[in-house]
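Each remark here refers to the structure printed beneath this line.
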Amino acid sequence: MSHSYTLNDIKPVHRPMVIDGADSEADSGETFTRNSPAHEVPVSSFPAGGAPDVDRAVKAARRALEGGWRGATGSQRAKLLHRVSELVRRDAEQLALAETLETGKPITQSRTEVASTAELWEYAATLARATQGDAHNGLGPDTFALVVHEPLGVIGMITPWNFPLLIVSQKLPFALAAGNTAVIKPSESTSATTVMLAGLVREAGFPDGVVNVVTGNRHVGSAIATHPGIDMISFTGSTGVGRTIAQTAGADLKKVELELGGKNPQIVTPHADFAAAVDAGVFGGYFNVGQCCNSGSRLIVHRSIADEFAEAVTARAKTMRVGDPLDADTLVGSLVNDAQLAVVERYVEEGREAGARLIAGGERLQDAVGPRFFTPTVFADVTPDMSIAREEIFGPVLSILPYDTLEEAVKIANSTSFGLSAGIWSTDIEEALVAARDLRAGTVWVNRWMDGYPELPFGGYGQSGIGRELGRQALAEFSELKTIQLQVGPRTTRWVPTPDASRA
Ligand code: NAD
């Protein structure tokens, strides 16, 4: 679909929270408004939830869990999950428009993300019927053992603003497939599609209270992290907030799963398919205006081709259409808020001061439809010690670091505290194998970048996170594992030796 919108199509919508299967306003009665970051017009308002609303939601989730959902069959869960994927497809255009209005991302990109969301629900439906465990029949003649998965309980989910619908759908359907219930707090910047999704979950026929959404700011997140009725926190967001949540949840020994930041390297060797690597460099740097945990923000390029590569990336970046996200021809939209704009400008300044060579961009886009558009930026001659090479910027800023040997390239790639994703561009099989084995990251792409599949686990090493989402591994993440040992035949062994063997 290539339809564009204009501001005349936009009417602000109030979206209540969903608690215990019903629309709900905040206990305080207060609301907050979200403006489109690209157009500065109000697009949605939500209840400003707080601790009392979280408490209501947790109690509803617990009632739903113990009131039958825990015991629902795999077949029942699968049918409901599948139905949500159908409803997401039915409402794809409304979801995509709501996503674009709150995030500032191009409408065509939002449409792709909605399509991927439906795939996630569809895949999770297949897992709901595959929750079987293990049986052990080789432990001895008197022993038989089972290992079974059980639902973990009430899962608190806290999500960021960069891929709101996609990220909640990397958690929620998998947690539901495993038999859990959920209390979700979307980012206060981008709550619409999560609330809409909860409406679709209700329409699909999930029992009341299985999925609850509480809208509001970080205090809602804290209330979820500290609530004694929550069994596990699944968080996606910044490394700093992830650390805080892990500390809070650690005090109560809640299970924690964290998907955090990245400073992801792409190594480009002299044996790369040059044109494909250039395109991936631009895609990795500017997709979602660089506000992407998987951004390929470090390009580690062999010195013999570094200048040519930098020029090619710069030339290609200039051909990208940056502009109104409601226009179906736009490839790159607006940054999400003023804070993010300020962060990007600070890092550009730090790069300059550290002596990196600014060869493209570095400033706000002139004559843009709104105030938060930033020019695609490239720094060449970056060294691994510079902040632009070490820290997550979350903006359209690429750093090109030259290297001489593959060993050095891998060492540079592994030299940050992050480890979310990494990649290599080389048609030389030896180079590709060495890098695939030695790069320290949860995902390594070889001659591709940023593709994702519901079947493949995703998560980070080091400061990029704890645990994995997606894939069949996600079921284990959202489950308790129980070992059941069974005595086969009479129990003849005794711990206390019995003197009279006839009375043993
Ligand atoms: P953020 O950490 O500021 O906020 C994430 C969520 O946490 C929001 O809902 C926010 O309201 C809430 N929150 C903030 N402070 C909290 C607190 N003290 N207690 C509980 N909840 C709190 O992140 P963001 O700015 O929304 O998103 C950008 C970050 O997300 C980047 O660092 C990015 O790398 C990361 N991210 C990671 C992945 C991944 O899968 N690894 C995916 C997308 C984004």
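For the peptides 50-56, 494-500, 149-155, 420-426, the ranking by mean Cβ contacts within 10 Å, running from highest to lowest, is 420-426, 149-155, 50-56, 494-500. Residues in the range 79-95 carry Karplus couplings, in order, of 4, 5, 4, 5, 4, 4, 4, 5, 5, 4, 5, 4, 9, 3, 5, 5, 5 Hz; the curve used is 6.51 cos²θ - 1.76 cosθ + 1.60 with θ = phi - 60°, and Gly or Pro positions show x. Per-residue 3J(HN,Hα) values for the range 270-287, derived from phi via the Karplus relation 6.51 cos²θ - 1.76 cosθ + 1.60 with θ = phi - 60°, read x, 8, 6, 5, 4, 5, 5, 5, 4, 4, 5, x, 5, 4, x, x, 10, 4 Hz in sequence order (x marks Gly and Pro).
Here's the picture: a label point sits 7 Å out from the Cα of ASN8 along the beta-carbon direction, and within the range 37-62 nothing has its amide nitrogen under 16 Å of it.
Rounded to the nearest 0.05, the FRET efficiency derived from the C-beta distance between THR143 and ARG243 at R0 = 30 Å is 0.10. Remark on MET157: its backbone amide H falls under 5 Å from those of VAL183, ILE184, LYS185, SER234, a criterion applied only to residues 5 or more positions apart or on other chains, H modelled at 1.01 Å from N. Taking amide H atoms as placed 1.01 Å from N in the peptide plane, the amide H of TYR403 lies under 5 Å from those of VAL301, HIS302, ARG303, each 5 or more residues away in sequence or on another chain. Summarising the amide proton neighbourhood of PHE374: residues at separation of 5 or more, or on other chains, whose placed amide H is nearer than 5 Å comprise LEU335, LEU365. Annotation for GLN487 and THR405: the two label points, set 7 Å from Cα along the Cα-Cβ direction, are 6.4 nm apart.
According to the square roots a ≥ b ≥ c of the eigenvalues of the Cα gyration tensor, what is the shape class of the chain, taking rounded for a/c under 1.5, prolate for a/b larger than b/c otherwise, and oblate for the remainder? Here the chain falls in the oblate category.
Fully extending the segment from ASP23 to GLU345 would add 111.9 nm, taking 0.36 nm per residue of separation and subtracting the current Cα-Cα distance.
Quick check: from the Cα gyration tensor, does the range 265-446 come out rounded (a/c under 1.5), prolate or oblate? Prolate, since a/c reaches 1.5 and a/b exceeds b/c. A straight Cα-to-Cα reach below 20 Å connects LYS171 with the lysines LYS79, LYS185, LYS254, LYS255, residues fewer than 8 places away in its own chain not being considered.
Please rank PHE309, PHE379, PHE274, fewest neighbouring Cβ atoms within 10 Å first, as an exposure proxy. Numbers along the way, then the final one.
Details: PHE309 23, PHE379 28, PHE274 15.
Ordered by Cβ neighbours within 10 Å, fewest first: PHE274, PHE309, PHE379.
The lysines within cross-link reach of LYS411, meaning a Cα-to-Cα straight distance under 19 Å and a gap of 8 or more places when in the same chain, are LYS263. Residues of the range 160-179 falling in the label zone of ASN337, defined by backbone nitrogen less than 13 Å from a point 7 Å along Cα to beta-carbon, are 160-162. Helical content of the chain, expressed as a calculated mean residue ellipticity at 222 nm, amounts to -11500 deg cm²/dmol (DSSP H runs of 4 or more residues, -39,500 (n - 2.57) each, divided by residue number, nearest 500). Per-residue extension of 0.36 nm, minus the Cα-Cα distance of ASP367 and LYS318, leaves a gain of 16.1 nm for this segment.
Taking θ as phi - 60° and the Karplus parameters 6.51, -1.76 and 1.60, the scalar couplings of the range 295-305 work out to 3, x, 7, 10, 9, 9, 10, 4, 4, 5, 10 Hz in sequence order, x denoting glycine and proline.
Each reported figure results from applying straightforward, stated rules to the coordinates on display, with no laboratory input. Please read all numbers here as calculations on a predicted model, not as lab measurements. In this analysis, Cβ positions are derived from the backbone assuming ideal geometry, glycine residues included, and neighbour counts consider all displayed protein chains.
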